[in-house]
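Colleague: Please find one structure pasted underneath; my questions will follow.
The values are calculated or read from the model by the stated rules, or taken from the named source; none is laboratory data. Please read these numbers as outputs of a predicted model, since none were measured by experiment. In this analysis, Cβ positions are derived from the backbone assuming ideal geometry, glycine residues included, and neighbour counts consider all displayed protein chains.
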Amino acid sequence: MSRLSPGDTAPDFTLATDDGKSVTLSALRGHKVIVYFYPAAMTPGCTTQACDFTDSLSSLKAAGYEVIGISPDKTAKLAKFRERDGLTITLASDEDRSVMAAYDAFGEKKLYGKVVQGVIRSTFVVDEEGRIELAQYNVKATGHVAKLRRDLGIDV
């Protein structure tokens, strides 16, 4: 796989969500969509990031953005994550990591100095036509949403 860049067509997907439904990227054409990949629900960094997206959701929606958070967790765990932390963003399950692979958001990474296979914390902004507008790999959990909002010109 190769990393996605601005102008590339965003790989389409349909994934199960924590509420028993599903989300399909191509069904959101006409909207801007922030798709972000995170390693595991209910871990400290992933909780911080999900809460930051939830706290920013009203201003992101006002600017025309939808937010989808994707992890390899089962939908039942995602439902507990939503409940525990009062999350309002869409949470989707990519148990077989096929969508992560399509976005090159799964692979070798360093964890505590060791090279391991895992989810590469990444964020993609998809425009109304389904093209990548922004691709950010190896993002930090803390402060990422504020930086993303600055990058998108949305008041922080």
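Colleague: Given (1) surrounded by 15 or more Cβ atoms within 10 Å (Cβ to Cβ); (2) assigned to a loop (DSSP other than H, G, I, E, B); (3) more than 16 Å from the chain's Cα centre (by Cα), where does Asp19 come up short, assuming only one miss?
Modeller: Answer for Asp19: the failing condition is (1).
Colleague: Within the group Thr24, Thr14, Thr9, which residue is in contact with a Phe, Trp or Tyr (Cβ under 8 Å, 6 or more places away or on another chain), more than 24 Å from Lys140 (Cβ to Cβ) and among the β-branched types (Val, Ile, Thr)? Show your work before the answer.
Modeller: Working: Thr14 fails: in contact with a Phe, Trp or Tyr (Cβ under 8 Å, 6 or more places away or on another chain); Thr9 fails: in contact with a Phe, Trp or Tyr (Cβ under 8 Å, 6 or more places away or on another chain).
Sole residue among the options that is in contact with a Phe, Trp or Tyr (Cβ under 8 Å, 6 or more places away or on another chain), more than 24 Å from Lys140 (Cβ to Cβ) and among the β-branched types (Val, Ile, Thr): Thr24.
Colleague: For residues in the range 96-123 being hydroxyl-bearing (Ser, Thr, Tyr) and assigned to a strand (DSSP E or B), which is nearest to Tyr65 (Cα to Cα)? It would help to see each step written out before you state the result.
Modeller: Taking the range 96-123 first, the residues hydroxyl-bearing (Ser, Thr, Tyr) are 98, 103, 112, 122-123.
The next check asks that each one be assigned to a strand (DSSP E or B); those that pass are 122-123.
Numbers: Ser122: 17, Thr123: 13 Å.
Per the criteria, the residue is Thr123.
Colleague: Please find, within the range 130-146, the residue that is surrounded by the most Cβ atoms within 10 Å (Cβ to Cβ) out of those that are touching a Gly at 6+ places or on another chain (Cβ under 9 Å) and within 12 Å of Gly7 (Cα to Cα). Let's see the steps before the verdict.
Modeller: First pass over the range 130-146, keeping only residues touching a Gly at 6+ places or on another chain (Cβ under 9 Å): 131-133, 140-142.
From the residues that got through so far, the ones that are within 12 Å of Gly7 (Cα to Cα) too are 131-133.
Details: Arg131: 14, Ile132: 19, Glu133: 17.
So the residue we want is Ile132.
Colleague: Name every residue in the range 9-21 that is in contact (Cβ under 8 Å) with a residue 12 or more places away in the chain and either of a type outside the set (A, V, I, L, M) or under 21 Å from Arg82 (Cα atoms) (or both), in order of residue number.
Modeller: First, pick out the residues of the range 9-21 that are in contact (Cβ under 8 Å) with a residue 12 or more places away in the chain: 9-13, 15-20.
Within the range 9-21, Thr9, Pro11, Asp12, Phe13, Leu15, Ala16, Thr17, Asp18, Asp19, Gly20 meet the criteria.
Colleague: Suppose we filter Glu133, Glu66, Glu129 for residues that are assigned to a strand (DSSP E or B), more than 18 Å from Thr17 (Cβ to Cβ) and either in contact with a Cys (Cβ under 9 Å, 6 or more places away or on another chain) or modelled with pLDDT of 95 or more (or both); which single one remains? Spell out how you get there, then give the answer.
Modeller: On the way: Glu66 fails: more than 18 Å from Thr17 (Cβ to Cβ); Glu129 fails: assigned to a strand (DSSP E or B).
So the residue among Glu133, Glu66, Glu129 that is assigned to a strand (DSSP E or B), more than 18 Å from Thr17 (Cβ to Cβ) and either in contact with a Cys (Cβ under 9 Å, 6 or more places away or on another chain) or modelled with pLDDT of 95 or more (or both) is Glu133.
Colleague: Please go through the range 100-116 and pick out each residue that is within 24 Å of Thr54 (Cβ to Cβ) and either surrounded by fewer than 16 Cβ atoms within 10 Å (Cβ to Cβ) or out of contact with any helix residue (DSSP H, G or I) (no Cβ under 9 Å at 6 or more places or on another chain) (or both).
Modeller: Result: Met100, Tyr103.
Colleague: Checking the condition at pLDDT below 95 and out of contact with any helix residue (DSSP H, G or I) (no Cβ under 8 Å at 6 or more places or on another chain), which residue from Thr90, Thr43, Thr24 passes? Break it down into steps so the answer makes sense when it comes.
Modeller: Values: Thr90 fails: at pLDDT below 95; Thr24 fails: at pLDDT below 95.
The unique qualifying residue is Thr43.
Colleague: Could you give me the residue pairs with C-beta distances under 6 Å whose first residue belongs to the range 33-44 and is within 13 Å of Leu148 (Cα to Cα), whose second residue is of a type in the set (Ser, Thr, Tyr) wherever it lies, and which are 6+ apart or on separate chains?
Modeller: Listed by first residue and then by second, the contacts come to Ile34/Tyr65; Tyr36/Thr123.
Colleague: For a quick check of your reading of the model, give me the residue pairs whose first member lies in the range 133-149 and is more than 8 Å from Asp52 (Cβ to Cβ), whose second is part of a loop (DSSP other than H, G, I, E, B) and among the aromatic types (Phe, Trp, Tyr), with beta-carbon atoms closer than 8 Å and at least 6 apart or on different chains.
Modeller: Final answer for the pair search is Ala141/Tyr38.
Colleague: Cβ-Cβ below 8 Å, separation at least six or inter-chain, first residue in the range 110-132 and closer than 11 Å to Tyr36 by Cβ, second in a loop (DSSP other than H, G, I, E, B) and of a type in the set (Lys, Arg): which pairs?
Modeller: Val119/Arg97; Arg121/Lys140
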